[in-house]
Amino acid sequence: MEPTIPQEGGEESGSRRKTGRRRRRSPTPPMSSTGLAATQSESPRRGKWKRSRHSKKRARATAADTAAATAAASGSVVSEHASSSGVSSAVSSPIRWPLLCRTVIGEDASGRKVFEPFIKMDPKLVDAYDELTSKYHEKRGRQLKLVTLHQHESQSCMLKQELVPTRESATKTVLKAAKGVMGLSSYVDGRLLKQTTGFLIDWNSESKVGTLLTSALLIRSKSPPVDEWIGAGEYIPEAEVHVHLLDRDDTIVAAELLHYDKNYNLALFKVGISVSAEVLSFGSELKFGQEVFMLGRDKDLYLNIGHGHVQYVGSNSYERHHYMFLNCGLSECGLGGPVIDLNGEVTGMVNSQRTGFIPSSTILKCLHMWKKFNCIPRLHIGVKFSAIKFLDPIQIEAIYRKCNIDEGLIVQHVSEGSSAERQGIRTGDILQCCNGVYMSTTVENLLLEICEEHLDKGNQIDSNVEVQAGIFHTRSGLNCTKNLAVKVSDSIEVVTRGVVHVGT
């Protein structure tokens, strides 16, 4: 008969299952100089089994050693818990895989060793082995929760083959910018309303107070069905907002709402940050086709990274005019996150489920207006546009042949009762210029500049300003200039559809 060998067990025989003890199936542990790999098997033998004196002595000795190991394992659990919770700096004891000494009783047809059935072994020894195995898995489970060993459920785009040539530099850029990207949560009556991402645009090293920019959708309780222009969104500015800091303890601090704007869905919060913080800087204006990264935080504060290019498309008739778009998906809680270029500079902020973002040029103009006037006023021109530039070249060529125009904004909808409607501007006409400035993709930044000039002259919010619009009437083929009386307002612009009432 072969001697007793330390063995971790593989498939258990039916003889042990009859005892009522259920054997756990364990992952293969590392190889040890004192144990065998988990490739051995066992098989019960028929007939009466007599244990040798040698086996009994060996079992009793192993049981004594196992009891001591159990006590040591219990101590290591306490030690590791204390260390991970910050209560103690004691070093955790090494993890050990339990090996059960079992007698080899033969070989199977494949030449693998067959071990003594569990049912023939000392129950106390088997129970001790089970207990140690359970403690091993508990400790291993705690190890795998360490940030150095834990693997996130999803992988970032940085591992894609297409990014291999620039991965090292791009990773450095993303990780540097990530130091200023934080998660935000809003609550109403203790109930979670929404989670978004925000980023630092200012931080005072003396007062330890910073300003976070994020999406105002964080405090929007009701969204419009489809069309943003009907102004059906409802906001709760008094919602309690928490900022999840990026320190070791995942500190959560309350944030104070400084301002929010419904037109652009921008929100600014003041937050106290005691540790050094990374303030993101804004870059130059984007170009279509430019390569960018989109950053966000998920609900567990893990960094989400999107990679793509600025798309050659514009807003549809249901979206505000200020959006540009990316060809990558929006991550969970990603609204409000920055869009950065390859230099790590902010080129926009994600603010639409269609991966639409507000370009940095518009954000900077809005921030300038807020600091200057304590609001973000905008011209309510009462017209929806789409750019000729984003059409199929076939249609652009047809417009040029018929209208001798290859750039401008096509009128998609005119608000009922607006100055534009009264001046005869209709769907299908083309806005070529505004106050002498020709339009190519959007009119947003120009409208903000006109507002600033109007207010600088001492005029008030909700007053009217005259705007000269160069219009091409598609139906008549005539160019003309229309003087529009347009309202300057910091409230949300609503473009209403004209209706005809039938009956009473």
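Does segment 270-278 include one or more residues that are farther than 30 Å from His413 by Cα and under 19 Å from the mean Cα position of the chain (by Cα)?
Of all residues in segment 270-278, those farther than 30 Å from His413 by Cα come to 270-278.
Filter once more, keeping what is under 19 Å from the mean Cα position of the chain (by Cα): 278.
Yes: segment 270-278 contains one or more residues that are farther than 30 Å from His413 by Cα and under 19 Å from the mean Cα position of the chain (by Cα).
Residue check, Thr474 against (1) modelled with pLDDT under 95; (2) crowded, with 18+ Cβ neighbours inside 10 Å, all met but one. Which one?
So the condition that Thr474 fails would be (1).
All but one of (1) touching a His at 6+ places or on another chain (Cβ under 9 Å); (2) within 25 Å of Arg320 (Cα to Cα) hold for Pro224, so report the exception by its number.
(1)
Taking the stated definitions as given, is Glu162 assigned to a helix (DSSP H, G or I) and in contact with a helix residue (DSSP H, G or I) (Cβ under 8 Å, 6 or more places away or on another chain)? Explain how you work it out, then say what you get.
On the way: assigned to a helix (DSSP H, G or I): yes; in contact with a helix residue (DSSP H, G or I) (Cβ under 8 Å, 6 or more places away or on another chain): no.
No; evaluated as a whole, the condition is false for this residue.
Among the residues of segment 134-153 satisfying the criterion of being of a type in the set (S, T, N, Q) and open to solvent by 60 Å² or more (accessible area, probe 1.4 Å), which is nearest to Ile273 (Cα to Cα)? Give the derivation first.
Taking segment 134-153 as the starting set, the residues that turn out to be of a type in the set (S, T, N, Q) are 134, 143, 148, 151.
Still in the running and open to solvent by 60 Å² or more (accessible area, probe 1.4 Å): 148, 151.
Details: Thr148: 26, Gln151: 29 Å.
Step by step, filter segment 134-153, then rank; the result is Thr148.
Test each condition in (1) among the β-branched types (Val, Ile, Thr); (2) more than 30 Å from Tyr400 (Cα to Cα); (3) modelled with pLDDT under 90 for Thr442 and report the one that comes out false.
(2)
Being closer than 21 Å to Thr481 by Cβ, acidic (Asp, Glu) and more than 38 Å from the chain's Cα centre (by Cα) is the filter; apply it to segment 414-463 and report the residue that is least open to solvent (accessible area, probe 1.4 Å).
Restricting to residues being closer than 21 Å to Thr481 by Cβ, acidic (Asp, Glu) and more than 38 Å from the chain's Cα centre (by Cα), the top hit is Asp429.
Under 8 Å by Cβ, and 6 or more places apart or on different chains, what pairs join a residue from segment 438-453 that is outside any helix (DSSP H, G or I) with one that is open to solvent by 30 Å² or more (accessible area, probe 1.4 Å) and among the hydrophobic types (A, V, I, L, M, F, W, C)?
Short answer, once both residue conditions are applied: Thr441/Phe390.
Please state which one of Val494, Val467, Val486 is more than 28 Å from Lys287 (Cα to Cα) and in a loop (DSSP other than H, G, I, E, B).
Working: Val467 fails: in a loop (DSSP other than H, G, I, E, B); Val486 fails: in a loop (DSSP other than H, G, I, E, B).
Just one listed residue meets the conditions, Val494.
Is it true that some residue in segment 241-255 is open to solvent by less than 50 Å² (accessible area, probe 1.4 Å), small (Gly, Ala, Ser) and out of contact with any Ser or Thr (no Cβ under 6 Å at 6 or more places or on another chain)?
Among the residues of segment 241-255, at least one is open to solvent by less than 50 Å² (accessible area, probe 1.4 Å), small (Gly, Ala, Ser) and out of contact with any Ser or Thr (no Cβ under 6 Å at 6 or more places or on another chain), which makes the answer yes.
Here are the criteria: (1) open to solvent by 40 Å² or more (accessible area, probe 1.4 Å); (2) of a type outside the set (Lys, Arg); (3) farther than 19 Å from Asn316 by Cβ. Tell me which single one Cys375 does not satisfy.
(1)
In segment 235-257, which residues are of a type in the set (Gly, Ala, Ser) and either in contact (Cβ under 8 Å) with a residue 60 or more places away in the chain or not in a strand (DSSP E or B) (or both)? Lay out the reasoning, then the answer.
Filtering segment 235-257 down to residues of a type in the set (Gly, Ala, Ser) leaves 239, 254-255.
Result: Ala239, Ala255.
Considering segment 98-129 alone, what residues qualify as being crowded, with 18+ Cβ neighbours inside 10 Å and either within 30 Å of Leu146 (Cα to Cα) or touching a His at 6+ places or on another chain (Cβ under 7 Å) (or both)?
Pro98, Leu99, Leu100, Ala128, Tyr129
In segment 397-413, what count of residues is obtained for those that are buried (at least 16 other Cβ atoms within 10 Å of the Cβ), without any contact (Cβ under 8 Å) to a residue 40 or more places away in the chain and either among the polar types (S, T, N, Q) or in a helix (DSSP H, G or I) (or both)? Outline the logic, then answer.
Taking segment 397-413 and keeping what is buried (at least 16 other Cβ atoms within 10 Å of the Cβ), we get 399, 403, 405, 407-411, 413.
From what is left, the residues that are without any contact (Cβ under 8 Å) to a residue 40 or more places away in the chain are 399, 407, 409-411.
Those left that are additionally either among the polar types (S, T, N, Q) or in a helix (DSSP H, G or I) (or both): 399.
The total comes to 1.
Quick test of your reading of the structure: Glu206 fulfils all but one of (1) charged (D, E, K, R); (2) surrounded by fewer than 21 Cβ atoms within 10 Å (Cβ to Cβ); (3) touching a residue at least 12 places away in the same chain (Cβ under 8 Å). Name the failing condition by number.
(3)
Taking the conditions exactly as written (at pLDDT 95 or above and not in a strand (DSSP E or B)), does Leu218 satisfy them or not?
Values: at pLDDT 95 or above: yes; not in a strand (DSSP E or B): yes.
So Leu218 fits the description; yes.
For segment 229-239, give me each residue that is farther than 15 Å from Thr214 by Cβ and open to solvent by 40 Å² or more (accessible area, probe 1.4 Å).
Correct list: Ile230, Glu234, Glu238.
State yes or no: is Lys222 under 20 Å from the mean Cα position of the chain (by Cα), of a type outside the set (S, T, N, Q) and surrounded by fewer than 16 Cβ atoms within 10 Å (Cβ to Cβ)?
Spelling it out, it is not the case that Lys222 is under 20 Å from the mean Cα position of the chain (by Cα), of a type outside the set (S, T, N, Q) and surrounded by fewer than 16 Cβ atoms within 10 Å (Cβ to Cβ).
Show the residue pairs meeting these rules: Cβ distance below 6 Å; 6+ apart or different chains; first residue within segment 267-294 and without any contact (Cβ under 8 Å) to a residue 40 or more places away in the chain; second residue open to solvent by 50 Å² or more (accessible area, probe 1.4 Å) and in a loop (DSSP other than H, G, I, E, B).
Phe288/Tyr312
Does Met182 fit the bill of being in a helix (DSSP H, G or I), touching a strand residue (DSSP E or B) at 6+ places or on another chain (Cβ under 7 Å) and surrounded by 14 or more Cβ atoms within 10 Å (Cβ to Cβ)? Reasoning before the result, please.
Values: in a helix (DSSP H, G or I): no; touching a strand residue (DSSP E or B) at 6+ places or on another chain (Cβ under 7 Å): yes; surrounded by 14 or more Cβ atoms within 10 Å (Cβ to Cβ): yes.
Considered against the rule, which asks whether it is in a helix (DSSP H, G or I), touching a strand residue (DSSP E or B) at 6+ places or on another chain (Cβ under 7 Å) and surrounded by 14 or more Cβ atoms within 10 Å (Cβ to Cβ), Met182 comes out as no.
Determine, yes or no, whether Phe385 is over 30 Å from Leu258 (Cα atoms), crowded, with 21+ Cβ neighbours inside 10 Å and touching a residue at least 40 places away in the same chain (Cβ under 8 Å).
On the way: over 30 Å from Leu258 (Cα atoms): yes; crowded, with 21+ Cβ neighbours inside 10 Å: yes; touching a residue at least 40 places away in the same chain (Cβ under 8 Å): yes.
Spelling it out, Phe385 is indeed over 30 Å from Leu258 (Cα atoms), crowded, with 21+ Cβ neighbours inside 10 Å and touching a residue at least 40 places away in the same chain (Cβ under 8 Å).
Go through (1) touching a strand residue (DSSP E or B) at 6+ places or on another chain (Cβ under 9 Å); (2) open to solvent by 10 Å² or more (accessible area, probe 1.4 Å); (3) under 24 Å from Phe293 (Cβ atoms) and name the single condition Val188 misses.
Among (1) touching a strand residue (DSSP E or B) at 6+ places or on another chain (Cβ under 9 Å); (2) open to solvent by 10 Å² or more (accessible area, probe 1.4 Å); (3) under 24 Å from Phe293 (Cβ atoms), the lone unmet condition for Val188 is (3).
Which residue is nearest to Asn327 (Cα to Cα), if the candidates are limited to segment 103-142 and must be free of Cβ contacts under 8 Å to residues at least 60 places away in the same chain and part of a helix (DSSP H, G or I)?
Restricting to residues being free of Cβ contacts under 8 Å to residues at least 60 places away in the same chain and part of a helix (DSSP H, G or I), the top hit is Gly141.
The values are calculated or read from the model by the stated rules, or taken from the named source; none is laboratory data. Because the structure is predicted, anything quoted here is derived from the model rather than measured. Quick reminder, even Gly has a Cβ in these numbers, built from the backbone with ideal geometry, and neighbours come from all protein chains shown. Remember, those area values only see protein heavy atoms, side chains included, never the ligands or the DNA or RNA. Shrake-Rupley method; radii C 1.70, N 1.55, O 1.52, S 1.80 Å.
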